[in-house]
Every structure is written in structure tokens, then in C-alpha cells.
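Structure first, commentary second.
Any read-out appearing in this document is the output of simple, stated calculations on the displayed coordinates, not a laboratory observation. As the structure is a prediction and not an experimental result, all values here were calculated from the model. Because the Cβ atoms are built from the backbone with ideal geometry, glycine has one as well, and the counts that use them run over all protein chains shown.
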Amino acid sequence: MKVTETRLNGCFILEPAIFSDERGYFTESFNAARFNKAVGSEVHFVQDNQSFSTQGVVRALHYQLGEYAQAKLVRVLSGTVLDVAVDLRKDSPTFGQHVAVELSYENKKQLFIPRGFAHGFVVLTDTAEFFYKCDNYYHKDAEGGILYNDPTLNIDWKLPSDQLKVSEKDSVLPTFDSARI
């Protein structure tokens, strides 16, 4: 597995070894011991989530607060997404900065997003199936979010704004400057 730390401390791109032949391929998508060594901390995942979306769907930018904060290991089972992580750690030198990584069925890349980050993605292909592991259970009262097109964050979602499909709930999220962080 190739591991690359992004410019945001603690946020890693993981590229598993792929073994292919005329029959197809095999990859070890997760191994706790190898993963923990790669990211330099003990992460215990307790919940898996999966979504299916069509092109242009934006699911962003979400996070959990306080004791309910979640680290996530995300990957794509089919299609392609642009995955975005935003550093919300007020004591971090990269507070308010983001990384965007293309994750796809073809490249098999995964992104590890530590606690203290907002997360979201947009579907770039006709459809995409998205899978992620969380190290803490979802708690509705600890839910937070930031408007996907926040001018301070200035995220390039790689699709024209008129092609983006945003839920009603996500379209009224607060801006970065007024979000509960």
C-alpha cells in the first residue's frame, strides 16, 4: 500500500496494491494493523456507510462535533467522485484549508480524513457508489455542516454550478465563517 500525506496534517491518500490478471483483480481494501501503522495512530472503525448517487450530486460539507467527531476512511466502489476534506481544527496551521482528491473505481484510491474535518464529495460520472468507514457513531445533535459553495473555502467542484444537485438540507447550511465548529 502506498501512503501519501496530503498538505493537511493527518489526512492521507492510500493506494492499495492491486493484483490483476485475465480473471480480474484482487486487493486488500482494509487491514487494521497496516492502516494504523500507515496513519501513525490507532483508529477503530465502528460503522460502515454506503451511498449511491447520480452525476452532479453534491453531498457536502458535513461533520460531527465534540465527543461525536468522526474520522473516516472513504473510497469509491463504482464511478468517480471528487472527494473534499476541510480542516476545522482551530489550532491547526491549515485551519480552513481543504484538499480535493479524485477517487474512482479505476484508481482504487482511498482518503483517510481524521477527526476535526468537514467532508463532502461530488459525483463526476453518470453514477457512483461511495463507501466509508467511521470511527464513531453518528449523533444527530452533534451534526454540523458548511455550505458547499462557501466563498471563503472556494472549492472547485469540477462541474458547472448549474449541473450540481444539492439537497434542500445542504443548500441552507451556514457559511464557513458562521458555522458551529
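Points worth noting:
- Among 48, 83, 141, the largest mean-square fluctuation in a Gaussian network model of the chain, built with springs joining Cα atoms closer than 10 Å, belongs to 141.
- Two-site FRET efficiency, residue 159 against residue 47, from Cβ-Cβ distance with R₀ of 22 Å, rounded to 0.05: 0.15
- For residue 78, net neighbour charge (Lys/Arg +1, Asp/Glu -1) across residues whose Cβ lies under 15 Å away: -2
- The Cα atoms of the range 1-94 give a gyration tensor whose axes a ≥ b ≥ c have a/c of 1.5 or more with a/b no greater than b/c, which makes the shape oblate.
- Zero-based 5 Å bins, Cα pair distances in the range 82-124, whole percents: 5, 23, 29, 20, 13, 7, 3, 0
- Helical contribution to [θ] at 222 nm, DSSP H n ≥ 4, -39,500 (n - 2.57), averaged over the chain, rounded to 500: -1500 deg cm²/dmol
- Summed side-chain charge close to residue 116 - residues other than residue 116 whose Cβ falls under 13 Å, Lys, Arg +1, Asp, Glu -1: 0
- In the chain, Cα pairs under 8 Å separated by at least six residues give a relative contact order of 29 percent.
- Share of pairwise Cα separations in the chain, more than 20 Å, in percent: 53
- DSSP finds beta bridges in the chain, and of those with both partners inside it, around 95 percent are antiparallel.
- Label-point gap, in nm, between residue 91 and residue 26 - each point 7 angstrom along Cα→Cβ: 4.5
- Choice from 91, 156, 170 with maximal GNM fluctuation in the chain (Cα, 10 Å cutoff): 91
- GNM result for the chain, Cα springs below 10 Å: residue of 22, 106, 129 fluctuating most strongly: 22
- When the trypsin sites (Lys or Arg not before Pro) in the range 1-85 are filtered for DSSP coil states and for at most 13 other beta-carbon atoms within 10 Å of their beta-carbon, the remaining sites are 7, 23.
- In terms of surrounding Cβ atoms within a 10 Å radius of their Cβ, 11, 134 rank from fewest to most as 134, 11.
- Between the range 104-159 and the range 15-91, the alpha-carbon center distance in angstrom: 9
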